[in-house]
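S.K.: Could you have a look at this structure, given as structure tokens, before my questions?
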Amino acid sequence: MNTVIQTKGLTKVFKRVEKEDGLKGTLKALFKRVIVEKTALDHFDFQVEQGELLGLIGPNGAGKTTLVKLLCGIIQPSAGEAQVLGFTPGKLKDGFRRSYAVVMGQKSQLWWDLPASDTFLLNKEIYGIPDDIYKQNIAYFSDIFGVRDLLSVPVRNLSLGERMKMELMAALLHNPKILFLDEPTIGLDAIAQKQIRLFLKEVNETKGVTIMLTSHYMEDIKHLCKRTVVINGGKKVYDGNLDALLSSFQEHRIITVSFECECQPQLDLPVEWLEKSPLKSVLMVRRELVKPVIQSLLTHYEVNDIRIEEEDIGGVIERIYTAGKEGIPL
Amino acid sequence: MRKYLEVGKISVKSQITYRFDVLIGCFMPFIRVFLAYFLWRTLFTDKTEMGGMTFPMMLTYYIVCAFIQRLEQSNGLVWEFAGEIREGRFTKYLVKPVSPLGHFVFTSLGKTLYHLVFTVLAVGCVILIFKGQFVGPASAGSLILALLIAFLGLLVMILLNYLTALLAFKFTDITGWHLLNGNVVDFLSGALLPLSLLPDWMQGVMRYFPFYYMQFLPASLYLGLRTQEAFFGLLVMVIWIIVLWGLAEFLYHRFRRLYEEVGA
């Protein structure tokens, strides 16, 4: 395996000017600046191997985007170091910039008033992409996305999902070795999200592009990434398989029971009733209580059907973040 | 080099969306020509010559200045560029193998090229209005020299505006500075009134600064005046371009480290 990204003690401290509210505070800030330091990334160590599809999750302000920006060389580290493809990102050498691409869901590189194909042409010249590779890539990407007839539509007339597909195309035309993605599916509907996911998987598998992805949508990470890094408060709190992490934090099961006849089920075990209607009940119990609860239900009531499900992923993630913040090892 | 030509091309292409605005904007600098017409007609009532210029020459001076001024498009680009720095959209220049200065210069020249079409149209209209009062170029040679120096002046202005935009890295908001800059340049370049009306010692000092050669000297050369200053002017401009270019690169590499890419 070939290590493409490596960080050692990578730290970023932002300085902010803090201002009291109101006119008085504003006037005060004009003469005396109160600078507050905020550590966005705190001694971050990790490495990524070639061809990996790595997920980066964490709550807002955890340091995900800061990490991506540092690895792209957009901002400079306050301490520590990063190596990406053997380059120091902050130096922004042309050779480095030719070998990666970054797509930020909130920011666009497309020319708003022009069709996406004009931006593609510009990138062709900027990256010096040979004609045949350019044509080949345009055909390849527009076929996977099914956007061939949208290439000549001005970007401002595209939908959000279509625009994101164009962003990804623009980023990948020069065959980058690493693709950084910051919230690529933000604001997209389920269909577009799924298409983008499939696309990323395809690009990762067939083109061997190393992908590092941050997302708020657990579905993205769950479907795409074998390895996940959880980051909170600028620190790495977990690095490994997402499924393993999720199952260790799955504390509850959801049990849905339907009854043969109307009844008012009562249990002397600690359960949380989510729904109680005459013929159906939904309850949440701790994992170790699933067996006694079901036994008790079966013995006391005329049960028609039982369904046991995993807890909603959102709650699990919340627990992971809280644990991370409190320094509990995951 | 090819990538910067493509940058210029995309700049022209994206301009085409704003045809109406460009057309209206092209008549803006010529409003000053009308003001100058009425002012100088009054001043010339009992004189035939002032500062070596007749009334038609004076009028032509303002038309040529307005023409040159209209072609200078980097002024508006400063707002765009500084906005990109302030709002964190500058990232697109950092992550691609492209120089922001090259980008700025060629986007600006692309705009100039596009505005040229409309500005020629506007100049044509103005010349028709002042038929008989407009003086043609003194000679082919003086026209070529005037165009060459005006083009170098354009480059200096682009570099100065790029430097102004770079200040946004450090000071975030540069509106006040940029407005002040614009007014000072208007005066120093002779767009407000011909510099030949200023005291000699002032003109002497100004010969070492680029502003003198942006509008005043090209317009004078066009009229066949001050031809002996042309070569010194070329030299001064080339030196200024080299100095400003170096300063721009130096400051960019220092300032980009201050960039924090807000808003994401």
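The values are calculated or read from the model by the stated rules, or taken from the named source; none is laboratory data. Only a predicted model underlies this, so the values are computations on that prediction, with no experimental measurement involved. Cβ: placed from backbone, ideal geometry, glycine included. Neighbour counts: every protein chain shown.
S.K.: Of the residues in region A:241-297, how many are acidic (Asp, Glu) and under 28 Å from A:ILE320 (Cα atoms)?
M.R.: Start the filter on region A:241-297 by keeping residues that are acidic (Asp, Glu), which leaves A:243, A:251, A:260, A:262, A:268, A:272, A:275, A:288.
If we keep only those that are under 28 Å from A:ILE320 (Cα atoms) too, we end up with A:243, A:251, A:272, A:275, A:288.
Total meeting the criteria: 5.
S.K.: From the list A:GLU311, A:GLU260, A:GLU302, pick out the single residue that is acidic (Asp, Glu) and closer than 30 Å to A:GLY58 by Cα. Give the derivation first.
M.R.: On the way: A:GLU260 fails: closer than 30 Å to A:GLY58 by Cα; A:GLU302 fails: closer than 30 Å to A:GLY58 by Cα.
One residue alone meets the criteria, A:GLU311.
S.K.: Tell me, yes or no, whether region B:18-27 has at least one residue that is farther than 22 Å from A:SER108 by Cβ, of a type in the set (A, V, I, L, M) and modelled with pLDDT of 85 or more. Spell out how you get there, then give the answer.
M.R.: Taking region B:18-27 and keeping what is farther than 22 Å from A:SER108 by Cβ, we get B:19-27.
Add one more test, that the residue is of a type in the set (A, V, I, L, M), and what stays is B:22-24.
Now restrict to residues that are modelled with pLDDT of 85 or more: none.
The answer is no; no qualifying residue exists.
S.K.: Looking only at region A:7-26, which residues are assigned to a helix (DSSP H, G or I) and exposed (fewer than 11 other Cβ atoms within 10 Å of the Cβ)? Spell out how you get there, then give the answer.
M.R.: First, the residues of region A:7-26 that are assigned to a helix (DSSP H, G or I): A:22-26.
The answer is A:GLY22, A:LEU23, A:LYS24.
S.K.: So for region B:65-80 (the condition being more than 14 Å from chain A (Cβ to nearest Cβ) and over 26 Å from B:LEU148 (Cα atoms)), does at least one residue qualify? Spell out the reasoning first.
M.R.: Step one: of region B:65-80, the residues more than 14 Å from chain A (Cβ to nearest Cβ) are B:65-79.
Adding the requirement that they be over 26 Å from B:LEU148 (Cα atoms) leaves B:79.
Within region B:65-80 (the criterion being more than 14 Å from chain A (Cβ to nearest Cβ) and over 26 Å from B:LEU148 (Cα atoms)), the answer is yes, since at least one residue qualifies.
S.K.: Which residue, of B:ALA36, B:ALA122, B:ALA82, is modelled with pLDDT of 90 or more and under 28 Å from B:LEU160 (Cα atoms)?
M.R.: Of the residues listed, the single one that is modelled with pLDDT of 90 or more and under 28 Å from B:LEU160 (Cα atoms) is B:ALA82.
S.K.: Let me ask something else. List the strands (runs of 3 or more DSSP E) that sit entirely inside region A:235-296 and contain at least 1 residues that are of a type in the set (Gly, Ala, Ser) and exposed (fewer than 15 other Cβ atoms within 10 Å of the Cβ).
M.R.: In region A:235-296, A:235-241, A:252-259, A:272-277 are the strands (runs of 3 or more DSSP E) which contain 1 or more residues that are of a type in the set (Gly, Ala, Ser) and exposed (fewer than 15 other Cβ atoms within 10 Å of the Cβ).
S.K.: Can you go through B:PHE250, B:PHE255 and tell me which one is over 15 Å from B:LEU155 (Cβ atoms), modelled with pLDDT of 95 or more and more than 20 Å from the chain's Cα centre (by Cα)? It would help to see each step written out before you state the result.
M.R.: Details: B:PHE255 fails: modelled with pLDDT of 95 or more.
Result: B:PHE250 is the single residue among B:PHE250, B:PHE255 that is over 15 Å from B:LEU155 (Cβ atoms), modelled with pLDDT of 95 or more and more than 20 Å from the chain's Cα centre (by Cα).
S.K.: Name, by its number, the condition in (1) in the same structural domain as A:SER159 (by TED's automatic domain parsing); (2) surrounded by fewer than 21 Cβ atoms within 10 Å (Cβ to Cβ) that does not hold for A:LEU200.
M.R.: A:LEU200 satisfies all of (1) in the same structural domain as A:SER159 (by TED's automatic domain parsing); (2) surrounded by fewer than 21 Cβ atoms within 10 Å (Cβ to Cβ) except (2).
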